[in-house]
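Asks: Please see the structure below; I have some questions.
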Amino acid sequence: MIIRKKRGNFLEDFRVGQLFRHKVGKTVTEGLFNAFTEFGMTTNPLSKNLRYAQRYGFKGLIAPPGLVMNIVFSQSVEDISENARANLEYRDMRFGAPVYVGDTIEVETTIVGVQPSSKEPDRGVVHVQTTGRNQNSEVVLALQRKVQIWKDNQEAKVEAASQAEIPTIPCDLYIPAYDKSRQYRELAHLTNPDTYFEDFTIGDTLEHSRGRTVTTAHMQWTAMLDNTSQVHSNQYMVDQNPGKYIGGQLIVYGGIPFNLCLGLSCPDVGDNAVGDVCYITGRHTGPVFVGDTVFAATEITGKRDYPGRADLGIVATILRGHKFLKKGDAWEKMEIFYLEREMAVKRRSHYA
Amino acid sequence: MIIRKKRGNFLEDFRVGQLFRHKVGKTVTEGLFNAFTEFGMTTNPLSKNLRYAQRYGFKGLIAPPGLVMNIVFSQSVEDISENARANLEYRDMRFGAPVYVGDTIEVETTIVGVQPSSKEPDRGVVHVQTTGRNQNSEVVLALQRKVQIWKDNQEAKVEAASQAEIPTIPCDLYIPAYDKSRQYRELAHLTNPDTYFEDFTIGDTLEHSRGRTVTTAHMQWTAMLDNTSQVHSNQYMVDQNPGKYIGGQLIVYGGIPFNLCLGLSCPDVGDNAVGDVCYITGRHTGPVFVGDTVFAATEITGKRDYPGRADLGIVATILRGHKFLKKGDAWEKMEIFYLEREMAVKRRSHYA
Amino acid sequence: MIIRKKRGNFLEDFRVGQLFRHKVGKTVTEGLFNAFTEFGMTTNPLSKNLRYAQRYGFKGLIAPPGLVMNIVFSQSVEDISENARANLEYRDMRFGAPVYVGDTIEVETTIVGVQPSSKEPDRGVVHVQTTGRNQNSEVVLALQRKVQIWKDNQEAKVEAASQAEIPTIPCDLYIPAYDKSRQYRELAHLTNPDTYFEDFTIGDTLEHSRGRTVTTAHMQWTAMLDNTSQVHSNQYMVDQNPGKYIGGQLIVYGGIPFNLCLGLSCPDVGDNAVGDVCYITGRHTGPVFVGDTVFAATEITGKRDYPGRADLGIVATILRGHKFLKKGDAWEKMEIFYLEREMAVKRRSHYA
């Protein structure tokens, strides 16, 4: 007998209340850590300089937020979005325990909403809550997302529903205590002098100067994360029916520009952060293809005290990614990424 | 004096009985481990999830079979096949001690047959037996292969011969003892529920759903393995004489689709295996080039008890790889890889 | 307010005597170690085989010279050469303490000369001295370089000056003591038999047989090193004004062919070296682009005793890299790299 194995679920397979304990799990090797921390051009020494990370009270180098997000998200792909058309929204993504090299991350997802499209009979939207934990059962990331998913069989019945209340997963950013005896100032030359809490002004938009062109390396990074969505790495599938796929070509997995935008913004807003606290909402507002050059800008939207920590403040921002499209002789700017991002940022008064 | 250094041997350099102790050796870093385990999209938690690997009695994550094969094989390339035209056959490839991060693998090869081509005066076939050992002198892999090799000098005499009997290198798969107290069932959600010994039916063919497009990243993986065969990475050499090379272009090193086919099959037949036992015979039946999308299918050809282990069974399979070639408006399937593969597979009765 | 953040300095920002303590710092992970050691096809077992490296008295695998150079150099890029047009010369590059996985490298640079171009009002040359240290404050590399840098504002005044005397940074190659009881001969099969001190003849030129084609992977390696120079990875920037950039396209970061030439030469001159001592001068004599195949050759220019070490000698060489350009039907050789290189090489009398 010939059996065509299927992987992943389709819209009609989801029910509100379902719990998926995702398969495999992922131990963070130095290979994965290096590949992801570096392709994004992250410049926060907590992820790059062991001496600095230990001085700040961490056990070792900590995974930058873009890597934590990518690991947890990707573990959910096979069950949730291997057969997705597009990821529509990230919501309430919160960071918890730091992720170190050697940690093993396992992930589970609850279905909190299922909604067939009213216009397109072949697709619909699933709303999920995903939680990643380390080997000590500490939550490292909790997030919700909405994803547009194909039906396998257009005639199949879909049970539309949404959970009345979505419980909040306890997940609070771990930050080592402030300890004057650690002599933080000795290492202040390793970060920029103009990225402390005091340096940000609400209403300013910082245009980050660097850009980075996307190559076919996106495919190996996507596989490295266990992201099995075929639209990123199966050219033959796209060639069979290009009209079905965005851009008619392989699309770059959203976690790539997500990580890249965080990294490109890092020297201007992130290298004196001790952690990202929460991404309130986020969307991929335009597709990215091989050959595109990705840029980013950060708008400062708010500042407030960090509860219980005189040495830190919370900086609220909007991180936007963009690329340029050639139209005749001109280049047109196109937004590709939008993220409402809150960071825990050191105060100069305490660190420099 | 200008000295054109040569690397690798040619057909006329080989004699039956020669022993090559290959140079350099290779310590398995987390960088190598990560790159190879991940590009193949392997899904067996023994190679991905430290908590799971340790629960099963291994010291750490174990290298998947495609990585073990690639390390040992590639160490033999400079001496045996740097000047090869094609690798014709793998034979009796058996796995032994597990390979962990930090292990150092050294390899040796004995020449067991040399046969000049009767039709083509510029080439012939060498038959070798290759053995890889770790730093404790434990065999991790033993294999034979036949490889078609160029002559350097068409006039050179070649001593045709073959060894009457090829001794068997002791090499038995290490599998930790079954131990009920380990509570394997607690982790059963990390693997697929339909890939236990009981789930396979002789005669079935499982078509694995995922495909993976090959990019120029093949060159960095080939170098990462110390595979120095120039047909995979020296474009200038090919451009000098395209007619001499298969496809008239750089060909992808066979270990890449080998590893990829193992990985693509993993969620359907390999994620509840505790190891690959033996590859009876294998061949690259078609070339792979950049841009090809690789797929795989597994035919179940036999099932039997695993000697002395009530918790395991041996599943015999044929793993085939294929790609599609565009012919006019149609796509034609082309086989690229054939492997007779036996795996040690967990029984549901004992693990789930 | 919209703030266009700038990164890097321009010609008018430099003054003789300035000290830059470079930001971030870099811990060497196994991911970085693997990627760089392997892409260059290095064959020295000190960087590949832990058993061998430990037998020779090192704590672990040691980073090959091309990786040490790349780490230290790249840490200086943001402050010194992010806005460079070209790197003109390396000078007096000396190696010190070995670099192991897990080491953290921090780097500082002193400006020793600033010279505006007499012909081109938009650029000039900066001469710097750069020193890299590990977490124990041991110098791992000291070098000088001259780099051609754009002005940001053509009207800005530049203070031309040069330091009368450039102090020598103490930096001596660490080589473990020779110890007969270590039984080096047992491992002699892991290196080539014809690359001992006794094997080299002054005046010989060794043409290394292997070549390696450069792919877009150069961009991920450049980012992995924290090299932020935009001419290597920002296609959009080049597309705005191709005439401004060498070749009118993204140029491959010089550290890539530097490392590649060292690696390609390794089996013929470097696998019995215990370290590179000094690069007296070096230049990128031609640009490298994606698709080029890089080759290398080594001229033996001198041999002398290694002070205080009867087991070693110093081999002085010129390492040249080249590629071929298609001109009509012919291929024309073009030099791309020139390096005066001295190595500490084992004597056969003591090791084989």
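The values are calculated or read from the model by the stated rules, or taken from the named source; none is laboratory data. Please read these numbers as outputs of a predicted model, since none were measured by experiment. Ideal geometry is used to build each Cβ from the backbone, glycine not excepted, and the neighbour counts take in all protein chains shown.
Asks: How many residues does segment B:242-254 contain that are part of a helix (DSSP H, G or I) and in contact with a helix residue (DSSP H, G or I) (Cβ under 6 Å, 6 or more places away or on another chain)?
Replies: Taking segment B:242-254 as the starting set, the residues that turn out to be part of a helix (DSSP H, G or I) are B:242-244, B:246-248.
Still in the list and also in contact with a helix residue (DSSP H, G or I) (Cβ under 6 Å, 6 or more places away or on another chain): B:242, B:248.
Count: 2.
Asks: From the set of residues in segment A:253-262 that are away from every other protein chain (no Cβ under 13 Å) and either of a type in the set (Val, Ile, Thr) or farther than 30 Å from A:Asp199 by Cα (or both), which is surrounded by the most Cβ atoms within 10 Å (Cβ to Cβ)? Let's see the steps before the verdict.
Replies: At the first step, the residues of segment A:253-262 found to be away from every other protein chain (no Cβ under 13 Å) are A:253-255, A:257-258, A:261-262.
Imposing the further condition that a residue be either of a type in the set (Val, Ile, Thr) or farther than 30 Å from A:Asp199 by Cα (or both) reduces the set to A:253-254.
Numbers: A:Tyr253: 27, A:Gly254: 24.
The selected residue is A:Tyr253.
Asks: Has segment C:108-127 got at least one residue that is charged (D, E, K, R), surrounded by fewer than 16 Cβ atoms within 10 Å (Cβ to Cβ) and within 21 Å of the chain's Cα centre (by Cα)?
Replies: no
Asks: Just give me the residues in segment A:231-241 being out of contact with any Leu (no Cβ under 9 Å at 6 or more places or on another chain) and either farther than 17 Å from A:Thr216 by Cβ or not in a helix (DSSP H, G or I) (or both), in sequence order.
Replies: A:Gln240, A:Asn241
Asks: Something else now. Being in contact with a helix residue (DSSP H, G or I) (Cβ under 6 Å, 6 or more places away or on another chain) and assigned to a loop (DSSP other than H, G, I, E, B) is the filter here, so list the residues in segment C:197-210 that pass it.
Replies: Passing the criteria: C:His208, C:Arg210.
Asks: Still on this model: Does A:Lys48 count as buried (at least 24 other Cβ atoms within 10 Å of the Cβ) and over 25 Å from B:Asp268 (Cβ atoms)?
Replies: yes
Asks: Name the residue, out of A:Asp194, A:Asp239, that is surrounded by fewer than 22 Cβ atoms within 10 Å (Cβ to Cβ), at the interface with chain B (Cβ under 9 Å from one of its Cβ atoms) and out of contact with any helix residue (DSSP H, G or I) (no Cβ under 7 Å at 6 or more places or on another chain).
Replies: None of the others qualify; the one that does is A:Asp239.
Asks: Oh, and also: B:Met69 versus (1) surrounded by fewer than 24 Cβ atoms within 10 Å (Cβ to Cβ); (2) within 11 Å of the chain's Cα centre (by Cα): which is the lone unmet condition?
Replies: That leaves (1) as the condition not met.
Asks: State all residues of segment A:55-103 that are modelled with pLDDT of 95 or more and of a type in the set (Lys, Arg); if no residue qualifies, say none.
Replies: The answer is A:Arg55, A:Lys59, A:Arg91, A:Arg94.
Asks: Turning to a different aspect of this structure: Give me the residue from segment B:1-32 that is hydrophobic (A, V, I, L, M, F, W, C) and in contact with a Pro (Cβ under 9 Å, 6 or more places away or on another chain) and, out of that set, nearest to C:Phe36 (Cα to Cα).
Replies: B:Val24
Asks: Another question about this same structure. For the list (1) within 14 Å of chain C (Cβ to nearest Cβ); (2) touching a His at 6+ places or on another chain (Cβ under 8 Å); (3) assigned to a loop (DSSP other than H, G, I, E, B), I need the number of the one condition that A:Tyr178 fails.
Replies: With (1) within 14 Å of chain C (Cβ to nearest Cβ); (2) touching a His at 6+ places or on another chain (Cβ under 8 Å); (3) assigned to a loop (DSSP other than H, G, I, E, B) applied to A:Tyr178, the lone miss is (1).
Let's see how each residue does on (1) among the hydroxyl-bearing types (Ser, Thr, Tyr); (2) closer than 23 Å to A:Glu30 by Cα; (3) in contact with an Asp or Glu (Cβ under 6 Å, 6 or more places away or on another chain):
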{"site": "A:Val68", "(1), (2), (3)": "no, yes, no"}
{"site": "A:Asp92", "(1), (2), (3)": "no, no, no"}
{"site": "A:Val125", "(1), (2), (3)": "no, no, no"}
{"site": "A:Lys146", "(1), (2), (3)": "no, no, yes"}
{"site": "A:Glu155", "(1), (2), (3)": "no, no, no"}
{"site": "A:Thr168", "(1), (2), (3)": "yes, no, no"}
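Asks: Further question: If you scan segment C:53-65, which residues turn out to be surrounded by fewer than 24 Cβ atoms within 10 Å (Cβ to Cβ) and either outside any helix (DSSP H, G or I) or facing chain B (nearest Cβ under 7 Å) (or both)?
Replies: C:Tyr56, C:Gly57, C:Phe58, C:Lys59, C:Gly60
Asks: Only one of A:Ser209, A:Ser265, A:Ser233 is crowded, with 22+ Cβ neighbours inside 10 Å, within 11 Å of chain C (Cβ to nearest Cβ) and without any contact (Cβ under 8 Å) to a residue 60 or more places away in the chain; which?
Replies: Among A:Ser209, A:Ser265, A:Ser233, only A:Ser265 is crowded, with 22+ Cβ neighbours inside 10 Å, within 11 Å of chain C (Cβ to nearest Cβ) and without any contact (Cβ under 8 Å) to a residue 60 or more places away in the chain.
Asks: Would you kindly identify the strands (runs of 3 or more DSSP E) lying entirely within segment C:66-163 that contain at least 1 residues that are in contact with a Pro (Cβ under 8 Å, 6 or more places away or on another chain) and not charged (D, E, K, R)?
Replies: C:84-95, C:123-133, C:139-150
Asks: In segment B:303-327, what residues are within 14 Å of chain A (Cβ to nearest Cβ) and over 23 Å from B:Leu206 (Cβ atoms)?
Replies: The answer is B:Leu325, B:Lys326, B:Lys327.
Asks: Would you pick out the residues in segment A:5-15 that are outside any helix (DSSP H, G or I), more than 13 Å from chain B (Cβ to nearest Cβ) and surrounded by fewer than 20 Cβ atoms within 10 Å (Cβ to Cβ)?
Replies: Across segment A:5-15, the qualifying residue is only A:Arg15.
Asks: Identify, by number, the condition in (1) in a loop (DSSP other than H, G, I, E, B); (2) within 27 Å of the chain's Cα centre (by Cα) that C:Ala223 doesn't meet.
Replies: All conditions pass for C:Ala223, except number (1).
For every residue, the table says whether it meets (1) touching a Leu at 6+ places or on another chain (Cβ under 9 Å); (2) in a helix (DSSP H, G or I).
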{"site": "A:Asn227", "(1), (2)": "no, no"}
{"site": "A:Ile256", "(1), (2)": "no, yes"}
{"site": "A:Asn259", "(1), (2)": "yes, yes"}
{"site": "A:Tyr279", "(1), (2)": "yes, no"}
{"site": "A:Thr298", "(1), (2)": "yes, no"}
{"site": "A:Arg304", "(1), (2)": "no, no"}
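Asks: If you don't mind, another one. Please name all residue pairs, on different chains or six or more residues apart, with Cβ atoms under 6 Å, provided the first residue is in segment C:125-153 and is charged (D, E, K, R) and the second residue is assigned to a loop (DSSP other than H, G, I, E, B).
Replies: Hits for this filter: C:Glu138/C:Ala97; C:Lys151/C:Phe10; C:Lys151/C:Asp122; C:Asp152/C:Phe10.
Asks: Let me ask another. So is B:Thr222 within 10 Å of another protein chain (Cβ to nearest Cβ), among the β-branched types (Val, Ile, Thr), closer than 27 Å to C:Glu30 by Cα and buried (at least 23 other Cβ atoms within 10 Å of the Cβ) or not?
Replies: yes
Asks: Inspect all residues belonging to segment C:82-89 and state whether any of them is of a type outside the set (S, T, N, Q), under 30 Å from B:Asn136 (Cα atoms) and either within 12 Å of chain B (Cβ to nearest Cβ) or touching a residue at least 24 places away in the same chain (Cβ under 8 Å) (or both).
Replies: No, the conditions are met nowhere in segment C:82-89.
Asks: Looking only at residues that are farther than 30 Å from A:Val238 by Cα and crowded, with 19+ Cβ neighbours inside 10 Å in segment A:279-310, which one is nearest to the chain's Cα centre (by Cα)?
Replies: Filtering first and then ranking leaves A:Tyr279.
Asks: Right, here's the next one. Quickly run through segment A:17-27 and pick out the residues that are under 24 Å from the mean Cα position of the chain (by Cα) and surrounded by fewer than 18 Cβ atoms within 10 Å (Cβ to Cβ).
Replies: Once the filter is applied, which keeps residues that are under 24 Å from the mean Cα position of the chain (by Cα) and surrounded by fewer than 18 Cβ atoms within 10 Å (Cβ to Cβ), segment A:17-27 yields A:Gln18, A:Leu19, A:Arg21.
Asks: Return the pairs, sorted by first residue and then second, in which the second residue is part of a strand (DSSP E or B) and among the aliphatic types (A, V, I, L, M), the first residue lies in segment B:16-37 and is facing another protein chain (nearest Cβ under 7 Å) and farther than 18 Å from B:Leu61 by Cα, the beta carbons are less than 7 Å apart, and the residues are 6+ apart or on different chains.
Replies: These pairs meet every condition: B:Gly25/B:Ile105.
Asks: Output the residues belonging to segment B:38-52 that are touching a Leu at 6+ places or on another chain (Cβ under 9 Å) and either touching a residue at least 60 places away in the same chain (Cβ under 8 Å) or in a loop (DSSP other than H, G, I, E, B) (or both).
Replies: Within segment B:38-52, B:Phe39, B:Gly40, B:Met41, B:Thr42, B:Pro45, B:Leu46, B:Lys48, B:Asn49, B:Arg51, B:Tyr52 meet the criteria.
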